[in-house]
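Only the coordinates and a few stated rules stand behind these numbers; no lab work does. The structure displayed is predicted, hence computed values, not measured ones. A quick note on method: Cβ atoms are made from the backbone with ideal geometry, for glycine too, and the neighbour counts reach across all protein chains shown.
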Amino acid sequence: MAKNEIIGRPFARVDGRRKACGDAVYGPDIKMPGMLHAKFLASPYPHARIVHVDTEKAEKLSGVKTILTAKDVPQVCWGLMVKDTPVLAGDKARFMGEPLAVVAATKREIAEEAAELIQVEYEELKPVFDPEEALGPGAPLIHEGAEAYACAMPGLIRYGNVCGQTKISGGDPEQGWRESDLIFEDRFSTPVQHHGFIEPHAVTARFDSNGRLEIWTSTQAIFAIRMALGEIMGLPLNRIRVIGTEVGGGFGGKTDITVEHFCALLARMTGKPVKMQLTRSEMMTYTSARHGCVIHLKTGVKKDGKIVTREARLLFDTGGYAGHGPGVAALGANTILGPYRTPHFKIDSLSVYTNKMNFSFMRGPGGVQAGFACESHMDRIARELNLDPLDFRIKNLISDGDTSATGQRMEAVGIQEALNSVAKISNWKQRKKSKNRGWGLCCCQYELVGMTSSALVKLSEDGSLHLVIGAIDHGQGSSTVLAQILAQEMDIPADQIAVTVGDTDTAPYDTGTFGDRVTFNMGNAVIEAARDLKVQLFSGAAAMLESPAENLELVGQMIRDRDNPEKAISLLELAMGSYFFQGGAPMGKSTVLAPFQAYAYEKVEGNPYPATPAHTYACQVVEVSVDRDTGMVRVENIYSCHDAGRMINPLGTEGQIQGGIMMGLGYALWEEVVFDGGRVTNPNLIDYKMPFAINQPKIRIAVTETKTPNGPYGARGVGNPPVLLPAAAIANAIHDAVGVRIRELPLTPERVLFSLKREAANKK
Amino acid sequence: MKDMRYIRAASVTEVTDCLKKYGDKAKILAGGQSLVPLLRQRLARPGLLIDISRVADLKFIRKTKNTLKIGALTTHRQLETDPLIREHLPILADMEKQLASVQIRNLGTLGGNLCHADPAGDVAPALMALGAKLKLISATGARTMSVENFFKDFFETAIRPDEVLAEIDIPLLPDLGHAIYIKHSSRGVDTAIIGVGTFILKDHDTDTCKEIRLCVGAVGPVPIRAKNAEAVIRGKVVTGKTIAEAGKKAREEISPVSDLQGSAEYKKELIEVFIQRALKAASSGRRK
Amino acid sequence: MIIESSITLDGPVKEVWEKLLDPACLKNCIPGCESVSVQSNGEFKGTVKVKIGPIKARFDVVLTIVEMQPPVRLVSKMQGRDRFHTGRFTQENQLALEEINPDRTRLTYTSNLSISGKIATFGERIFRAKAKEMEKNFLASLSDILKHEERKQ
Ligand SMILES: Cc1cc2nc3c(=O)[nH]c(=O)nc-3n(C[C@H](O)[C@H](O)[C@H](O)COP(=O)(O)OP(=O)(O)OC[C@H]3O[C@@H](n4cnc5c(N)ncnc54)[C@H](O)[C@@H]3O)c2cc1C
């Protein structure tokens, strides 16, 4: 087989044309006859007992079909980790924006007006907004009786306002402190970041006359949605059909149910299709944004720059409900040492309830916060030891055969090569230092998610191939990559392959699109399914060609005998033969549970996730200029190097990296969901500032390929690391430029200016 | 929005007649860039929407002997690209380049921007620096008012409910007169954290400053003139020293309010920096 | 959002205290206030109209006294709800009076204002500034009334 013809070649997206031409159907595009529109009533208080709800006035409004409050909905608590979330807040509201009631009406405006007419009597409770305060004695308890909650994930450590805690330790930290020549301590804090997808959450649900639920939703994980719905609706999963629409951006914010259950319940109640589409301000006050985090780091080093020991404490503010918080805290714990050899360490990472909205997954969860802290801290140590930040890192880099904090034996460690490569493209060693300009460096090591993927490859009657999967392509280009992989395996031009992302009825199971897992794990599933199909084809062809199956090969859409090439049959002929005379319709299938080395659980406590099957690596150099009078930071150049294991589609790889860097740039410089008490003060895209196209600096990208043993052709994901890098790289560059270290994001002009002023005052 | 009526006016008279009849129950709709979001949120609930976007009489840019006259319906984009503006009042084209995005500039109008009276608006400080006048028309007649007197409070102007803003009348720059607008915003084209419109006229023989206006936006409920800073410069040769002093004075005389773009303390710092920058640029004769 | 300020007023502590609890005086001092009355349970009820350009809201306001130490300390809580459902606010106030001399009193004031609803999501930038402005005007009017009071005596 002519290997490597398709893998590694730039390939245009399979979904590009339909998106560019406007015929892709997104969540908000779904319309149905007789469809009702839904709205929810949000709690106006961050922490309040709900004394009485009166819907009478609202129900009288013409056009209102039904109103559900906590007493009208299933009395179940759901949750991805901790089952702590009621369908609608009943006894008390735990954040401002929490749904208390849902209305279905003939028009969206009517539903909205009705929601406003619902009279609720509240009794305000003392709120807590700061995760550090929430841990203190006498802090209001956000979930009374939390001990009684069931957990979806085993082994969670929970108490008080803590809903998850990961503890990792290794070596002997006490001995480490004694052996250290110098000790550095820092405190970092990071803001809440909104995903900023263009397409809002939009869901349409209906029940058919057999009582089967069908639901259209813009989601990254159809099967996860189905499972949560099954639990809430009390339906067996085979009576629920979740149809993923095209997704206009997910970034982790569409992995869990948001309003799917509301639509389903209202549809069941009214017998009509019900649609709910969130506004930007609802998304920004109700759905899962990136956790804000406070991180304490303490590191002991030798004078020569060898790291000896580190103590880390991470506090993830997870808001009113746990969401993925316990898992995000675990990812933070796993990332906080960075790709550096650390003989002794003690890591404590907590997910803490506060009276804010529920934070959950966003691209690079846990790692983005930990990455900023770890890499800023590393930079500070290098400076104070008078070492070049690059040399300091190289001195401490891990390599193959080292053990991770979690006790995994590291393989295919790509950071060394990536670092060399970024130093080369940025000309690090010869970098010019001019006034008020500076250079910053940053590395990352992150984890990807494995779990289960399955694929179905069908040979049609005409010999064409059809790949059916349940992994949503939310814009990151997975369907394109999977077409390439199938094309490679079947030796067929990739544009002749059709990829269908099916729904939960038609597609085989997949865990979901997140954690850099689709190319990695579904890629393997596609390879397996192709191989399964080939076995069937070869066995059919063996009979028709009267050659032993082991002798057969698939080349250029022909199956032929290796020893006797004129004995050949085309896929078309073979398909016809199979369908009508021999064996039936050929159909390759596979299911792959990603292999992984278990964590060393004697060192790791409370981590709710299965161990990662592979790590990801990247590093970045940034050049900035700083206006000393205004504090304005301009990012002049970004050089970024990413280890892809094996690049499958260079176009898609670069797209992912560019997009991720812009998201990281926004996080570094502008983006922050601002809270005043429990209230979001900027829930719109004018006041919440994401980068514009004009804010994109020059970005140079290099890709290295350190083949990952478990990945398809050695590939690993590249989606998350780009977001982990810019914040620390820019903060480090600012320090290089003007000598101030800022430990709090975003790096706004105001923060920079006042840091400069403080620095000047201290010098005096 | 169910109780709201909508009419599309064809002429200024039709607009003023409607306003006379409905008074403050009616709201004028121009480019809709500021009003429509408020309507959608039902924060504004007018009984009648008078769409003036087709009133041809309000769309023009004309040069007279001493002034440029600009119709209130002129869009930001027209102002940015018009050859007459570029030739005679390049400050306005420069200002527009820093205002929102092209999409918004294509629709938003000068009149709408002024009447919306966002305290962080860019148009007002620039026009104030130029000494522009506004022509307001009602069914009973017309009156003119300087831009400086037009703004009353956050989003409040001196316009009466029965009036429409028809025209902006801007004196042409005298020889040796320079006007510039500079702005600071976090992403380059954002709502201003601070905006400064500056006009300086120097004496031909002595090089002293004959006339000066320093107009600062986004630091209070309305754009403010930094009069004490002006006094430092007026009648003197502009030097590094006077510029520094003017910056200090401006910082003392203005007490900014915090908003989401920046805290009062930060704005205070910026007032000094931007007054200095504005003076430097305007007095060096550069128009930008 | 925290609003803090301090002002020196004409008049003895006791008189300032009385003014602060006098519905008629409150009505005159609170910008946009249309009515104030004292309920039998000691709560103050009133309506306040707030207009910011095209945005208009009319709040039904209830003020509850939480703690009172006449004539030097008053802790109160104010809750308002807009009749057009554009939003609501809660304000916790702590007010202290201190005698400077028998004719002059220092009023120190801290209040924690939180706004919710559409009015807050949309108009944060404006409301923050407007609230400070209203508070400034309130104190100015109060100061004014007290000045006049003195002249009469
Ligand atoms: C995303 C975004 C970013 C922006 N950034 C900036 C910025 O950086 N700087 C800046 O200065 N502005 C900015 N703006 C505002 C922009 O300039 C608008 O164009 C302008 O405020 C409104 O113009 P309009 O024609 O759309 O007015 P409309 O929205 O139609 O009307 C606005 C108000 O003015 C009244 N009105 C309109 N025309 C008249 C008239 N002729 N007579 C009497 N009353 C009238 C209306 O009744 C209404 O109250 C931004 C707007 C948006 C949406």
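To test your reading of the geometry: what angle, between 0 and 90 degrees and rounded to tens, separates the Cα axis of helix C:118-152 from the longest principal axis of chain C?
The two axes meet at around 20 degrees.
Of A:Met490, A:Met632, A:Phe223, which is farthest along the charge dipole of chain A in the positive direction, counting Lys and Arg as +1 and Asp and Glu as -1 at C-beta?
My answer, from the dipole projection, is A:Met632.
Report the Rg/Rh value for segment B:177-284, based on alpha-carbon coordinates and the Kirkwood definition of Rh.
On the way: Rg = 13.4 Å, Rh = 13.7 Å.
That ratio equals 0.98.
Which of A:His194, B:His178, A:His52, A:His642 comes first, and how do the rest follow, when ranked by fewest Cβ neighbours within 10 Å?
Details: A:His194 26, B:His178 20, A:His52 9, A:His642 31.
Neighbour counts put them in this order, fewest first: A:His52, B:His178, A:His194, A:His642.
Relative contact order for segment C:2-152: what percent, with Cα pairs under 8 Å and sequence separation of 6 or more? Before the final figure, lay out each step's value.
Numbers: 292 pairs, mean separation 40.7, N = 151.
RCO, segment C:2-152: 27 percent.
With charges set only on the Cβ (+1 for Lys and Arg, -1 for Asp and Glu), what does the dipole of segment B:177-284 come to about its Cα centre, in debye to the nearest 20?
That gives segment B:177-284 a dipole magnitude of about 60 debye.
Starting from the Cα of A:Val535, step 7 Å along the direction of its Cβ; do the same at A:Gln597; then give the gap between the two resulting points in nm.
For A:Val535 paired with A:Gln597, the spin-label model returns 2.9 nm.
From largest to smallest, what semi-axes in whole angstrom does segment C:2-152 give when each is the square root of 5 times an eigenvalue of its alpha carbon gyration tensor? List each step's numbers first, then the result.
Values: eigenvalues 146, 51, 42 Å².
Over the Cα atoms of segment C:2-152, the ellipsoid semi-axes are 27, 16, 14 Å.
In whole Å, what is the distance between the alpha-carbon centres of segment B:140-171 and segment A:424-479?
Here the answer is 56 Å between Cα centres.
About its Cα centre, what dipole magnitude does chain B give when the only charges are +1 on Lys and Arg Cβ and -1 on Asp and Glu Cβ, stated in debye to the nearest 20?
Details: 45 positive and 34 negative charges, 69 e Å.
Using Cβ point charges on Lys, Arg, Asp and Glu, chain B gives about 340 debye.
Give me the percent of Cα-Cα pairs in the protein assembly as shown that sit more than 62 Å apart, rounded to a whole number. Present the calculation step by step, with values, prior to reporting the outcome.
Values: 110945 of 725410 pairs.
Value for the protein assembly as shown (Cα pairs over 62 Å): 15 percent.
I need the Debye-formula profile for segment A:311-386: one equal scatterer per C-alpha, no solvent, reported as log10 I(q)/I(0) at q = 0.11, 0.15 1/Å, two decimals.
Scattering profile of segment A:311-386, log10 relative to I(0): -0.31, -0.53.
Would you mind pulling out the separation of the Cα centroids of segment A:107-153 and segment A:553-582, in Å?
Between the Cα centres of segment A:107-153 and segment A:553-582 lies a distance of 64 Å.
To the nearest 20 Debye, how big is the dipole of the protein assembly as shown about its Cα centre, given +1 on the beta carbon of each Lys and Arg and -1 on that of each Asp and Glu? List each step's numbers first, then the result.
Working: 150 positive and 141 negative charges, 690 e Å.
Charge dipole, the protein assembly as shown, about its Cα centre: 3320 debye, nearest 20.
Can you pull the Rg over Rh of chain B, Cα-only, Kirkwood?
On the way: Rg = 19.1 Å, Rh = 19.4 Å.
The Rg/Rh ratio comes out at 0.98.
Provide Rg over Rh for segment B:5-51; use the alpha carbon set for both Rg and the Kirkwood Rh (inverse mean inverse pair distance).
Values: Rg = 10.5 Å, Rh = 10.8 Å.
That ratio equals 0.97.
Can you sort C:Leu74, A:Leu725, B:Leu73, C:Leu95 so the residue with the fewest Cβ neighbours within 10 Å comes first? Mind showing how you got there, number by number?
Values: C:Leu74 20, A:Leu725 34, B:Leu73 23, C:Leu95 17.
Neighbour counts put them in this order, fewest first: C:Leu95, C:Leu74, B:Leu73, A:Leu725.
Averaging over all projection directions, find the projected area of the Cα convex hull of segment B:57-171 and quote it in nm² with one decimal place.
Values: hull surface 27.0 nm².
With the hull built on Cα positions only, its mean projection is 6.7 nm².
Mind checking B:41-53 for the average number of partner chain beta-carbons within 10 Å of each residue's beta-carbon?
Rounded to a whole number, the mean comes out at 3.
How many angstrom lie between the Cα centre of segment B:235-283 and the Cα centre of segment A:334-382?
When both Cα centres are located, 41 Å separates them.
What does the structure give for A:744-752 when I average, per residue, the other chain Cβ atoms found within 10 Å of the residue Cβ? Before the final figure, lay out each step's value.
On the way: counts 0, 0, 1, 0, 4, 8, 10, 1, 0.
Partner-chain Cβ atoms within 10 Å, mean over residues of A:744-752: 3.
Within 10 Å of each Cβ in peptide A:674-686, how many partner chain Cβ atoms are there on average? Round it to a whole number, please. Mind dumping the intermediate values first?
On the way: counts 2, 0, 9, 7, 2, 8, 4, 9, 4, 4, 5, 0, 7.
Mean shielding by partner chains, rounded to a whole number: 5.
Restricting to segment A:627-764, compute how many DSSP beta bridges are antiparallel as a %, nearest 5.
Details: 2 of 9 bridges.
Antiparallel: roughly 20 percent of the beta bridges in segment A:627-764.
Under 8 Å for C-alpha pairs, at least 6 residues apart: give me the relative contact order for chain A, rounded to a whole percent.
Working: 1990 pairs, mean separation 122.7, N = 764.
Relative contact order here is 16 percent.
Quick one: which of B:246-257, A:437-448 comes out on top by average Cβ neighbours within 10 Å, and what's the full order, highest first? Let's see the in-between values first.
Working: B:246-257: 20.7, A:437-448: 26.7.
Per-residue mean Cβ counts within 10 Å order the peptides as A:437-448, B:246-257.
Please give the calculated 222 nm ellipticity per residue for chain A, where each DSSP H segment of at least 4 residues contributes -39500 (n - 2.57) and the sum is spread over every residue; nearest 500 deg cm²/dmol? Intermediate results must be reported in sequence, preceding the final value.
Values: 19 runs with 209 residues, N = 764.
It lands at -8500 deg cm²/dmol.
Express the relative contact order of segment B:5-51 as a whole percentage, based on alpha carbon pairs under 8 Å and six or more residues apart in sequence. Kindly include the intermediate steps, with their values, before the conclusion.
Numbers: 43 pairs, mean separation 27.8, N = 47.
Result for segment B:5-51 is 59 percent.
Extent of segment B:100-229 along each principal axis, from alpha carbon coordinates, in Å, largest to smallest?
49, 40, 28
Could you list the residues of segment C:3-40 with an amide nitrogen less than 20 Å from a label point located 7 Å from the Cα of C:Thr108 in the Cα-to-C-beta direction?
C:3-18, C:20
Sorted from fewest to most neighbouring beta carbons within 10 Å, what does the list A:Glu411, C:Glu67, A:Glu759 look like? All intermediate terms of the calculation are to be shown ahead of the outcome.
On the way: A:Glu411 17, C:Glu67 10, A:Glu759 13.
Listed from fewest to most nearby Cβ atoms, that is C:Glu67, A:Glu759, A:Glu411.
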